[in-house]
Amino acid sequence: MTKIDPETRIPDPIELDRLEEARLRGAAGLVPARATGGEYAGFDQVGIPDRPPQTDREREVYSLEEGEMLVNMGPQHPSTHGVMRLVVKVRGEIVVDVDPVLGYLHRGIEKLCENATYTTVLTYVDPMDYLSTMHNEHAPAIAFEKLYGVEPPKRAEYIRALVVELNRIFSHGLMMGFLALDMGGITPILYAFINRDEIVDLLSSISGQRMLFNFFRVGGVNFDTNDEFLSRLGTWRGNVLKNIEMNERMITDNEIFRARTMNMGTLTGRDAIALGVTGPNLRASGVPFDVRKAHPYSIYNELEFDVITQEAGDSYARYLQRIAEIKQSIHLIDQIIDKMPHGPVQAQVPGIIRPRPGRAYAAIESPRGLYSVYSISDGGPNPYRFRMRDPSFISLQAIPKLMPGRLVADTMAVMASFDPVMGGVDK
Amino acid sequence: MDWELLLGIGRFLLATTLLLVLTIPTAFIIIQMELKVIASMNLRLGPNRVGPGGMFQSTIHGFKVLAKEDTIPDQADPPTFTLAPWMVYMAAAMSMLVIPFAPGAIAADFNIGVVYFFAVLGLSVVGLLVAGWASYNKYSLLGGLRSAAQMVSYEIPLTLSIVGAVVLAGTLSFSEIIEWQRQHGWLLIWQPIGLGIFYISSLAEVNRTPFDMVEADSELVAGPFTEYSGMRFGFFFFAEYVALFIMSGILVSLFFGGWLAPWPFPAQLGGFAGTLYGIFWFFLKTYIFVFIAVWLRATLPRVRVDQLMGMAWKVLLPLALVNLFVTAIAVVVFEL
């Protein structure tokens, strides 16, 4: 026990921490901590360890000029979708730069899939983009069928198309709600969930689960339609347009909503293509690219539909695009029900699938865009390589391009209009 | 000994105590309304476990915040941090002094009640700014600065919008304005534009949707309140709802006849019965406007901060000035 000189001033604990840190740094042979206000002062502000910037982009984002500050939006934030983290550089209320930081929800699904048999891969991909579970299963199912060389029966294809369109409707419906929620409108999201709940009940009556459906199989689907599914489908079909319209009435012509989304986050078609943005976000910028039309898979070449596009490319156009696609999907569902053939729903495949060595690529149109799977087989029971392209990951690239010069409030509104799902982004 | 003075002081103390106590059930009732009304508008059930139909949910919330741990962030500034909720709450509670509940039921019937009201209610912005600064949090700081910008800007159209009413009534005392309305009809008929400007500005002044830029939960987490917990947060929360009640009450007093019934006030009702009658009408009308504010919250998204300021300076302020100008000319020309 050292004796304390009563004359000594009792040191401030914060100062003690600083001294201790300097001592430890000296002992470890590190450079002394940089004083705040230095070249990379931004690191300090968002909790990044003090180190030289790794890339030019990092240097650009994390060095601050006079009057700028960095704000962490997420990973814990009331409005970021899931665990997205945006490091926003602001000057007052004006956004100067945005740096999305990803990886908080990374579960290594691709690696998990490489260690799973082809049949069980379809269960692992479910929680990826958790709002479009059916689509998550669709692309690997197609890819594995190509690898193994098996054709699903016609009825299975029709049931697949039916469930993915149902999934698309609730996913787009939720986007309407989340977009409004990120602007402070609390009701549309709950109306959207009414519609979602009906569809989820519907899908659970055919697949047995409410969220991670695990419905697709290599060479078919798990179950045929049943009476409960069909009767629920009829009820839902009667309500859906009314539900969507009820929600639309809250938002579409709302003066505040229009003022906040029109001319906001405008992405031109050329930029959207350059950034790799696909799906409704691309079509909202006026580029008529829809995988269902451009590279027809499943039974989409037997159905009648047009590629819907919007002109403006702003947040409002992206919102309108979603609504138009909901109505298009309902139209598609009507056609699918009319044309659905009888027959088996599962082709003959062995319990453990061992495709010949080769590679297969399958792309589908998920609610967020082009979702594709690239899989390599080495002849074993599990994929040698399994890689997924998730559209929301690509869409996020557009946000740093669109935000500079806008206000903090718009960050959330524009991000919500791209409808990213972090489960898909981080995989 | 001046008994008059002592009596006055005693009456004032009683009234202020009563008003302070009144803030508690007021906040509870409005919070409960917000829980249940928004729930039914969202097609939800809302809270339904505490008490019959969940009617004590907000009371339980109140006790919950009392029991919560009260934290102060390491780098916050304790004196200002602890003072800020008090400042906001007192601004709301003090402005209750001049609210005319019924004939005779008004804590302090100043002859400059209107001026006092806007002066005191405006103080709450200081509390919010202090809270935002003292928390040592970027969201809080942004929220605090927003509150300063927003509330100071909206105070101008808010105050100007009632000058027309004041010019017509020829008085700054709330009870005399109501008396004028008894004789000439509600100011709603005389000052429709003033009413519109007042209503919009008052929503902005008490930070209600669609103008809740200060809290803006989807952008700023909870604005200046982010770092607050326990009863300090509770005070902010209370102040917000009390301010909503007060603003609705003032709106009713200025434009909807205050304690007056929609039909002529029965002259034979005097004394205590008359007071009760007045209180009934005052609370009924006030809660109608509180309900409308809750309704708006369930319906509208939030405007953006630049749109908000643009509306105050480019639309409401010129409109309020024109309204005042026209009213003043009319008063002079028609000798109202």
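Restricted to the stretch B:192-224, and to residues there that are within 14 Å of another protein chain (Cβ to nearest Cβ) and at pLDDT 85 or above, the residue that is farthest from residue B:96 (Cα to Cα) is B:200. Looking at residue B:64, is it touching a Gly at 6+ places or on another chain (Cβ under 7 Å), free of Cβ contacts under 8 Å to residues at least 24 places away in the same chain, more than 14 Å from chain A (Cβ to nearest Cβ) and part of a helix (DSSP H, G or I)? Criteria not met by residue B:64.
Residues checked against (1) farther than 30 Å from residue B:176 by Cβ; (2) of a type in the set (Phe, Trp, Tyr):
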| site | (1), (2) |
| --- | --- |
| B:28 | yes, yes |
| B:37 | yes, no |
| B:63 | yes, yes |
| B:69 | yes, no |
| B:80 | yes, no |
| B:94 | no, no |
| B:97 | no, no |
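Going residue by residue through the stretch B:286-307, is there one that turns out to be under 22 Å from residue B:163 (Cα atoms) and surrounded by 23 or more Cβ atoms within 10 Å (Cβ to Cβ)? Looking for residues that are under 22 Å from residue B:163 (Cα atoms) and surrounded by 23 or more Cβ atoms within 10 Å (Cβ to Cβ), one finds at least one in the stretch B:286-307, hence yes.
Hey, does the stretch B:33-48 have a residue that's farther than 30 Å from residue A:195 by Cβ and either in contact with a Pro (Cβ under 9 Å, 6 or more places away or on another chain) or not aromatic (Phe, Trp, Tyr) (or both)? No, the stretch B:33-48 contains no residue that is farther than 30 Å from residue A:195 by Cβ and either in contact with a Pro (Cβ under 9 Å, 6 or more places away or on another chain) or not aromatic (Phe, Trp, Tyr) (or both). Scanning the stretch A:226-261 for residues being aromatic (Phe, Trp, Tyr) and within 14 Å of another protein chain (Cβ to nearest Cβ) gives a total of 1. Residues that are surrounded by 19 or more Cβ atoms within 10 Å (Cβ to Cβ) and of a type in the set (Ser, Thr, Tyr) were ranked within the stretch A:273-299; the one that is modelled with the lowest pLDDT is A:298.
The requirement of being in a helix (DSSP H, G or I), out of contact with any helix residue (DSSP H, G or I) (no Cβ under 6 Å at 6 or more places or on another chain), among the hydrophobic types (A, V, I, L, M, F, W, C) and within 14 Å of chain B (Cβ to nearest Cβ) is satisfied by residue A:190.
Note on the stretch A:262-272: residues that are within 14 Å of chain B (Cβ to nearest Cβ) and either crowded, with 23+ Cβ neighbours inside 10 Å or in a helix (DSSP H, G or I) (or both) amount to 1. Against the numbered list (1) crowded, with 24+ Cβ neighbours inside 10 Å; (2) in contact with a Leu (Cβ under 8 Å, 6 or more places away or on another chain), residue B:238 comes up short only at (2).
Residue B:56 passes every criterion in (1) under 24 Å from the mean Cα position of the chain (by Cα); (2) buried (at least 17 other Cβ atoms within 10 Å of the Cβ); (3) farther than 20 Å from residue B:230 by Cα apart from (3).
Results for (1) within 14 Å of chain A (Cβ to nearest Cβ); (2) modelled with pLDDT of 80 or more; (3) under 19 Å from residue B:208 (Cβ atoms), shown as yes or no for each residue.
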position	(1), (2), (3)
B:252	no, yes, yes
B:270	no, no, no
B:273	no, no, no
B:280	no, yes, no
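Within the stretch B:1-24, the set of residues being aliphatic (A, V, I, L, M) and crowded, with 16+ Cβ neighbours inside 10 Å comprises B:15, B:19, B:22.
Residue-wise test of (1) in contact (Cβ under 8 Å) with a residue 12 or more places away in the chain; (2) within 14 Å of chain A (Cβ to nearest Cβ).
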| site | (1), (2) |
| --- | --- |
| B:277 | yes, no |
| B:287 | yes, no |
| B:299 | yes, yes |
| B:302 | yes, yes |
| B:307 | no, yes |
| B:314 | no, yes |
| B:323 | yes, no |
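Taken over the stretch B:128-172, the criterion of being buried (at least 21 other Cβ atoms within 10 Å of the Cβ), among the hydroxyl-bearing types (Ser, Thr, Tyr) and not in a helix (DSSP H, G or I) is satisfied by B:135 alone. Look through the stretch A:74-117, keep the residues that are in a loop (DSSP other than H, G, I, E, B), hydrophobic (A, V, I, L, M, F, W, C) and away from chain B (no Cβ under 14 Å), and return whichever of them is nearest to residue B:216 (Cα to Cα). Result: A:83. Looking at A:228, A:245 in this structure, which one is among the charged types (D, E, K, R), free of Cβ contacts under 8 Å to residues at least 60 places away in the same chain and either within 30 Å of residue B:305 (Cα to Cα) or not in a helix (DSSP H, G or I) (or both)? The match here is A:245. With respect to the stated conditions, residue B:27 is of a type in the set (A, V, I, L, M, F, W, C), away from chain A (no Cβ under 14 Å) and either surrounded by 15 or more Cβ atoms within 10 Å (Cβ to Cβ) or in contact (Cβ under 8 Å) with a residue 12 or more places away in the chain (or both). Name the residues in the stretch A:366-393 that are more than 18 Å from residue A:296 (Cβ to Cβ), outside any loop (DSSP other than H, G, I, E, B) and in contact with a strand residue (DSSP E or B) (Cβ under 7 Å, 6 or more places away or on another chain), would you? Once the filter is applied, which keeps residues that are more than 18 Å from residue A:296 (Cβ to Cβ), outside any loop (DSSP other than H, G, I, E, B) and in contact with a strand residue (DSSP E or B) (Cβ under 7 Å, 6 or more places away or on another chain), the stretch A:366-393 yields A:374, A:375, A:376, A:377, A:385, A:386, A:387, A:388, A:389, A:391. Among the residues of the stretch B:251-266, is there at least one that is small (Gly, Ala, Ser), under 15 Å from the mean Cα position of the chain (by Cα) and on the phi < 0 side of the Ramachandran plot? There is at least one residue in the stretch B:251-266 that is small (Gly, Ala, Ser), under 15 Å from the mean Cα position of the chain (by Cα) and on the phi < 0 side of the Ramachandran plot. Which of the residues that make up the stretch A:378-401 are more than 13 Å from residue A:276 (Cβ to Cβ) and surrounded by 24 or more Cβ atoms within 10 Å (Cβ to Cβ)? Selection gives A:383, A:386.
The values are calculated or read from the model by the stated rules, or taken from the named source; none is laboratory data. Keep in mind that what you see is a predicted model, and the values were worked out from it rather than measured. When we count neighbours, we look across all protein chains shown, and the Cβ atoms used for this are built from the backbone with ideal geometry, even at glycine.
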